[in-house]
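Report on the structure given below.
The values are calculated or read from the model by the stated rules, or taken from the named source; none is laboratory data. On a predicted model such as this, the values are computed, not experimentally measured, just so you know. For neighbour counting, all protein chains shown are included, and Cβ atoms are generated from backbone atoms with ideal geometry for every residue, glycine included. Each accessible area value is taken on the protein alone, full model and side chains, heavy atoms only, with ligands, DNA and RNA left out. Shrake-Rupley method; radii C 1.70, N 1.55, O 1.52, S 1.80 Å.
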Amino acid sequence: MISDLTSRTIQASLRGLDARRKAAEDNIANVQTPGFIASSVSFEDSLRNAIERGRPTSADIAVERSTAPTQLNGNNVNVADEMVGLTETALRQQLMVQALNGRYSTLRSAIGA
Amino acid sequence: MPISPISPIASSITPITRPGGAQDTAATSNSAADFGKSLTGALDDLDAKQKATDELSRAAATGDLQSVEDLMIASTETQLATQLTVAVRNRAVESFNEIMRMQL
Amino acid sequence: MSTPFSSLGAPASGMRVYQTWINALSDNVANINTINPAGEPAFQERYVVARSSGGSAVAPGGSRANAGIGDGAYIAGTEYGDPGGRMVYQPDHPYADENGMVRMPDMDLSTQMTNLIIAQRAYQANVTVFERARDSYERALEIGR
């Protein structure tokens, strides 16, 4: 139970969410940079397939360039969208951490610690 | 004036019988079996809860979870059920040791 | 949003809609006095067309909990106003035709400013809803702690 499918799935999702958060922070930091193209991260579909194969940690964390239209200076970062995404990613990370902590707490009880 | 003799007390006192009477011994062994059953039942229930929480955790990881509350409640229930089962097991072991230590 | 935090989808879409409307109104206000020659169309007022993102009857996973409740709004497209505009007499203007007339947009500044205030208020309201939904989720994440 310590390193079973569910633990590794949670671990993989935390890695993906971390990558997504970094991409959002990078986008927001570059909101005025001329020519900057926003990037986004996708991993959920790959993770779903990886779970079926029993190897969640092999899920692919893909970074994509945004196809949103650019402003006059070539920058296509939409601040409101990035803030919304950042909020949601932070909440998802909290959720997965809580799930992980719950598992550790259960294990500790069973061990008798 | 005639004095009526005092009737014997013993006949007017009904003996105290334990509630249940002869069924008592059978009840003790039944409750021992019941306890064993309830402990196994608690373990099965805990296993089911753990599996349900695992499924919800995986759904949350792939973004397919519909309700955050479902996972939080299931996770909490699993932790509490584990603690309860462990506590019951500990008490049972303590009691067993107590009995074994009794001078006969 | 088909995430565990689905309540964030509607206010996020609202923010996008009103942001787009504000862009359209800004464009109108910036061009409120744009002059075109009489032979060309005037600057046309920009309108955004907002549509509701209708809800599905059954959510993925079979839950009917949110049946019929939509997922916010979206901008279906942009409409353009009257290209005829107003003919104005300005004989000194380089674009003036032989009658001294130029074409100006048929827009009213006060209407644009009023709409701007409405759009800004609506945007702020959506931000508030978003923050409230986020706070609710944060409390849910504390269940059992």
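Here are the numbers for this structure:
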| item | result |
| --- | --- |
| Residue list for region C:20-30, filter: surrounded by 17 or more Cβ atoms within 10 Å (Cβ to Cβ) and in contact (Cβ under 8 Å) with a residue 60 or more places away in the chain | C:Trp21, C:Ile22, C:Leu25, C:Asn28 |
| Region C:33-46 residues that are part of a strand (DSSP E or B), paired with ones that are open to solvent by 80 Å² or more (accessible area, probe 1.4 Å) (beta carbon under 6 Å, 6 or more apart) | C:Pro37/C:Tyr95 |
| Residue ID - farthest from the other protein chains (Cβ to nearest Cβ), chosen from residues in region A:1-35 that are under 15 Å from A:Val63 (Cα atoms) and open to solvent by 40 Å² or more (accessible area, probe 1.4 Å) | A:Asp26 |
| Filtered residues of region A:68-107 (kept if outside any helix (DSSP H, G or I) and of a type outside the set (A, V, I, L, M, F, W, C)) | A:Pro69, A:Thr70, A:Gln71, A:Asn73, A:Gly74, A:Asn75, A:Asn76, A:Asn78 |
| Selection within region C:55-81 - at pLDDT 90 or above and open to solvent by 60 Å² or more (accessible area, probe 1.4 Å) | C:Tyr74, C:Thr78, C:Glu79, C:Tyr80 |
| Given (1) among the acidic types (Asp, Glu); (2) surrounded by 15 or more Cβ atoms within 10 Å (Cβ to Cβ); (3) not in a helix (DSSP H, G or I), index of the condition A:Asp60 fails | (2) |
| Residue check, A:Ala110 within 14 Å of chain B (Cβ to nearest Cβ), touching a residue at least 12 places away in the same chain (Cβ under 8 Å) and in a helix (DSSP H, G or I) | no |
| Evaluation of A:Arg55 against (1) open to solvent by 20 Å² or more (accessible area, probe 1.4 Å); (2) within 11 Å of another protein chain (Cβ to nearest Cβ) (one fails), failing number | (2) |
| Count of region C:43-54 residues which are open to solvent by 50 Å² or more (accessible area, probe 1.4 Å) and modelled with pLDDT of 85 or more | 6 |
| Residues (under 17 Å from C:Ala140 (Cβ atoms) and either surrounded by 21 or more Cβ atoms within 10 Å (Cβ to Cβ) or within 9 Å of chain A (Cβ to nearest Cβ) (or both)) located in region B:42-65 | B:Thr53, B:Leu56, B:Ser57, B:Ala60, B:Gly63, B:Leu65 |
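Matching residues to (1) touching a residue at least 40 places away in the same chain (Cβ under 8 Å); (2) among the aliphatic types (A, V, I, L, M); (3) part of a loop (DSSP other than H, G, I, E, B):
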site	(1), (2), (3)
A:Lys22	no, no, no
A:Asn27	yes, no, no
A:Thr33	yes, no, yes
A:Val41	no, yes, no
A:Asp45	no, no, no
A:Asn49	no, no, no
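Residues checked against (1) within 21 Å of C:Ala12 (Cβ to Cβ); (2) under 18 Å from the mean Cα position of the chain (by Cα):
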| site | (1), (2) |
| --- | --- |
| A:Arg15 | no, yes |
| A:Ala23 | yes, yes |
| A:Ile37 | no, no |
| A:Thr67 | yes, no |
| A:Gly85 | yes, yes |
| A:Gly102 | no, no |
